[in-house]
Amino acid sequence: MTDEQHLVEGCINKNINAQRELYERYAAKMLSLCIRYMCNEDEARDVMHDGFVSLFDKIKKFDQKGSLEGWIRKVFINMCLEKLRKSDKMKYQSIYSDNDDFQIIDNSMSDAYNELGAKELMCFIGELPASFRSVFNLHAIEGYSHDEIAKILGIAQTTVRSNYSRARILLQKKIRLMYK
C-alpha cells in the first residue's frame, strides 16, 4: 500500500492524524485555487474550510484510479463554483457595448506580455467578472475543454466560448493600460 493509499484509508476511517496530514499536504494549494475563483481571501478561506469538510465526507468515493491531488482539485473547484452560483455572481453580465473592439490577439503587445509577471496576471484575472473569471480559470489554468465547462456550469458551449473570449479581451485591455 502506497503512502497516498494509506492516507486515503486513514481519512476514510476518520483518523484525525490522516486528516491533518492530508490537510497540511494540500491546504496551501487549495487556498490558492480558492483565491483564484473567489478573489477575496476571507471568502476563499471559508470555501477552503467547507471544501475540506466536504472532502473528508466524500473521500470514500475516491476510486484511486487517478491522482489524489487531481480529485481533490475537482472537489474544490466544484465547491468554489457552487459558492459563486449561490451568490449570483455567476450570472452573465454584459460589460460591452455593441461597438466595442473585440480584437482577440494584439501582436503589438508581445513585449508587454513577455514582461508580465504571474502575480500581476493573477491580479488581473481576479478583477474579471465572476462568470468570465470562472470560465477563464477552468479553461486556461485547469485545462478543461469548452464542452466540459459547459456541462460543469450548466450553460451553453457558445456562452463558455464567449465568456472565455471576453475574459481574454478584458485581460488584454488591462495589460495594454498597464504598459502604455
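Just so it is clear, none of the values below were taken in a lab; they were calculated from the coordinates. Computed from a predicted model, the values in this text were never measured in an experiment. Cβ atoms come from the backbone with ideal geometry, glycine included; neighbour counts cover every protein chain shown.
Computed quantities for the displayed model
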item: Stokes-Einstein D for region 107-178, Kirkwood Rh over Cα pairs, 37 °C, 0.692 mPa s (µm²/s); result: 260 µm²/s
item: Cross-link pairs K65/K151; K29/K86; K74/K173; K14/K83; K74/K119; K83/K151 - those with Cα-Cα distance over 28 Å; result: K74/K173
item: Test item: Cα-centred dipole of region 107-178, Lys/Arg +1 and Asp/Glu -1 on Cβ, debye; result: 240 debye
item: Residue-count net charge about G10 - beta-carbon cut-off 11 Å; Lys, Arg +1, Asp, Glu -1; result: -2
item: Fraction in percent of alpha-carbon pairs per bin - 5 Å, region 3-86; result: 3, 16, 29, 24, 16, 9, 3, 0
